[in-house]
Amino acid sequence: MTLYDALIGPFADYGFMRRALVACLALAIGSGPVGVFLMLRRMSLMGDAMSHAVLPGAAVGFLIAGLSPWGMGLGGLVAGLLVALAAGAVSRATRLREDASLAGFYLASLALGVLLVSTRGNGRDLLHLLFGTILAVNDASLFLVGGIASVSVVALAAIYRPLVLECCDPGFLRSVDGRGALWHSAFLGLVVLNLVAGFQALGTLMAVGLMMLPATAARFWARQVGPLIAVAMAVAFASGYLGLLASYHFRLPSGPAIVLAAAGFLAVSILFGRCGGLLHRFAAELSLARREPS
Amino acid sequence: MNGPVVALDAVSVRYGRTLALDGVSGAFARGSLTALVGANGAGKSTLLKLVAGVLAPAAGRVIRRVERGDIAYLPQSADVDRDFPMSVDEFVLAGAWARSGPFGGVGREVRAAAAAALATVGIEGLGRRGLDELSGGQFQRLLFARLILQDAPVILLDEPFAALDAETVADLADLIRAWHAAGRTVVAALHELDLVRKLFPETLHLARATVAWGPTADVLRGAA
């Protein structure tokens with residue numbers, strides 16, 4: 001096998017591989033930055049919980065309109081937003097913290113979603129909803145994922161400044177601008193929107209993969225928000241590319257291959273990253289110990 | 001006689017079931033320099049947040065004779081996420097919020113003012129450093145630089161001197177004196193009673209409710 005056959009051939013030869021790659025690019029551009037902000041707000045696990053919350057809505061969309069990306073997307077969007085609002089309201093009205101109330105909501109959502117799909121669909125439909133089928137992404141799904149990425153980038157640019165302040169110094173933001181809840185809600189809306197996009201490609205169980213893993217890996221390579229976002233996007237796209245190649249050459253399921261590729265990038269970053277990676281820290285401690293012999 | 005710039009009318013604040021402030025009334029006169037003293041949990045930070053508009057009262061009213069942009073608030077440094085990947089320059093520029101808003105650009109003039117503010121507090125040249133690369137004293141100076149850029153007539157300080165070395169305390173105290181001399185209204189929550197006696201003409205002693213509010217010498221009579 002030539003290098004061309006290994007790295008480019010599959011995409012040159014097959015339309016479904018090209019569409020899957022474009023979907024990965026759109027997901028990287030949309031979800032990467034959102035993942036960075038989720039991580040900086042210490043809400044990494046919340047993204048995971050929210051991704052499951054999308055399922056019952058997508059299931060209702062599926063029951064009404066079949067495997068239509070727009071039907072499932074709209075249903076997922078509504079369900080995700082409802083769960084986010086409900087979890088926030090429950091934690092404000094009771095002693096339950098938001099993460100605990102989200103955990104309750106997402107488990108219920110996941111169970112409800114599986115139940116709903118099982119009433120009408122077969123095992124294959126359920127697998128499609130849980131793990132996605134990025135290799136079967138059609139033009140309609142591609143437009144949806146691309147559209148969401150476009151909206152997401154523009155919206156994030158618009159709320160960038162208050163979002164950064166809300167992460168870093170929320171008290172100050174509230175003192176200069178009374179709309180803290182607005183920025184927070186807009187951001188949650190973007191999270192759900194990008195999870196709906198991820199859901200189209202990777203299913204409800206892995207939708208968050210290209211959101212959180214690249215963002216976490218980026219933390220080991222960059223020290224400022226802009227570069228963090230750029231690295232997260234690049235890692236997400238590279239994970240998509242490598243995952244698709246692995247899936248093609250070794251006949252692996254594509255969604256898990258992509259997510260594992262992203263996990264591989266995270267492992268490499270933890271080991272070798274120049275911002276706090278293990279090797280870097282070890283080398284720094286070693287040089288300190290040499291300088292100050294005890 | 002200067003009129004009040006902010007008045008409190010029987011304000012109470014609750015965190016869940018806990019009463020943090022209980023029926024506090026009074027007014028901060030324009031141009032006054034007031035220390036907020038009291039034990040931990042006495043409601044000092046809560047009162048500052050209330051005046052800053054960060055918190056809303058559960059009961060009573062806060063009457064502000066100024067716009068939101070005319071109040072500058074210095075949060076406790078522990079309330080700021082110093083691991084956040086942000087440079088000193090970016091952080092201080094947030095002080096221009098009243099002019100730029102969430103979307104507006106930051107012009108050359110504002111950047112020059114930000115650089116001047118960093119120089120005033122003695123951390124010029126650190127603009128490109130990350131927040132996590134600053135010492136505690138440098139970070140507190142940075143918070144003051146942001147206040148300078150805000151250029152507000154009312155300034156609220158939450159524990160501005162906590163865990164700082166003597167030199168930093170002296171420099172920042174000079175800034176507060178200068179603000180007072182320029183006719184700005186300053187309210188600061190702090191524990192250092194010696195400093196309160198030296199620097200603040202007025203004191204409000206809180207213990208959820210008002211214990212005493214008036215000239216510092218009267219309020220702190222008998223205190224250690």
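Values as computed for the structure displayed
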read-out: For the stretch A:3-291, convex hull volume per residue from C-alpha positions, Å³; value: 152
read-out: Computed magnitude of the charge dipole of the stretch A:8-125 (debye, nearest 20; Cβ of K, R +1, Cβ of D, E -1); value: 180
read-out: Quarter of the Cα convex hull surface for the stretch A:132-227, i.e. its orientation-mean projected area (nm²); value: 7.1
read-out: Under the span-like rule (Cα at least 24 Å along the axis, Kyte-Doolittle mean at least 0.5), DSSP H helices of chain A; value: A:15-40, A:44-65, A:69-93, A:98-120, A:139-168, A:180-206, A:225-250, A:254-272
read-out: Helical contribution to [θ] at 222 nm, DSSP H n ≥ 4, -39,500 (n - 2.57), averaged over chain A, rounded to 500; value: -28500 deg cm²/dmol
read-out: The stretch A:25-83-the stretch B:171-195 distance, computed between alpha-carbon centres (Å); value: 50
read-out: Kirkwood hydrodynamic radius (C-alpha pairs) into Stokes-Einstein, the protein assembly as shown, 25 °C and 0.890 mPa s, D in µm²/s; value: 96
read-out: Over chain B, relative contact order from alpha-carbon pairs under 8 Å, at least 6 apart, %; value: 28
read-out: Expected-Rg normalisation [2.2 N^0.38 Å, Cα atoms] applied to the stretch B:14-123; value: 1.29
read-out: Computed lengthening from A:A12 to A:N138, 0.36 nm per intervening residue step minus Cα-Cα distance; value: 43.6 nm
read-out: Proximal charge balance of A:A86 [Cβ under 12 Å; K/R count +1, D/E count -1]; value: 0
read-out: Charge sum, other residues only, whose C-beta stays under 10 Å from B:D89's C-beta, Lys/Arg counted +1 and Asp/Glu -1; value: +2
read-out: 10 Å-binned pair-distance histogram of the stretch B:75-151 (Cα, whole percent); value: 20, 57, 23, 0
read-out: Of the trypsin sites (Lys or Arg not before Pro) in the stretch A:257-294, those whose Cβ has at most 14 other Cβ within 10 Å and which sit in DSSP loop; value: A:R274
read-out: Dipole-positive endmost among A:T204, A:G71, B:F84 within the protein assembly as shown (Cβ charges, Cα centre); value: A:G71
read-out: Within chain B, helix-based [θ] at 222 nm, where runs of 4 or more DSSP H residues each add -39,500 (n - 2.57), nearest 500; value: -9500 deg cm²/dmol
read-out: Percent of Cα-Cα distances greater than 31 Å, calculated over chain B; value: 20
read-out: Peptide A:163-169 - average C-beta neighbours from other chains (10 Å radius); value: 6
read-out: Check: the protein assembly as shown dipole with +1 on Lys, Arg Cβ and -1 on Asp, Glu Cβ, in debye; value: 560
read-out: Inter-centroid distance (Cα atoms) of the stretch A:212-275 relative to the stretch A:107-163, Å; value: 20
read-out: Neighbour-count order for B:I123, A:I258, A:I29, A:I64, fewest beta carbons within 10 angstrom listed first; value: A:I64, A:I29, B:I123, A:I258
read-out: Sequence-separation-based contact order of chain A, relative, with Cα cut under 8 Å and 6+ spacing, percent; value: 26
read-out: Percent breakdown of C-alpha pair distances by 5 Å bin, ordered from the shortest bin, for the stretch A:167-206; value: 6, 22, 19, 15, 12, 10, 9, 7, 1
read-out: Cα lying deepest toward the dipole's positive end in chain B, options B:A119, B:V66, B:L175, charges on Cβ; value: B:V66
read-out: Rounded to the nearest 20 debye, dipole of the stretch A:159-294 from Cβ charges on Lys, Arg, Asp, Glu; value: 220
read-out: Environment charge at A:S269 (Cβ cut-off 15 Å; Lys +1, Arg +1, Asp -1, Glu -1); value: +4
read-out: Residue (of A:A86, A:A103, A:A26) at the positive-pole extreme of the stretch A:1-118, dipole from beta-carbon charges; value: A:A86
read-out: Cα-Cα separations in the stretch A:47-206 greater than 20 Å, expressed as whole percent; value: 52
read-out: Chymotrypsin sites (Phe, Trp or Tyr not before Pro) restricted to DSSP loop in the stretch B:78-129 with at most 16 other C-beta within 10 Å; value: B:F103
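All of the numbers you see were taken from the coordinates with simple rules; none came from a lab. This one's a predicted model, so the numbers in the text were calculated from it and none came from an experiment. Here the Cβ is made from the backbone with ideal geometry for all residues, glycine too, and neighbour counts use every protein chain on show.
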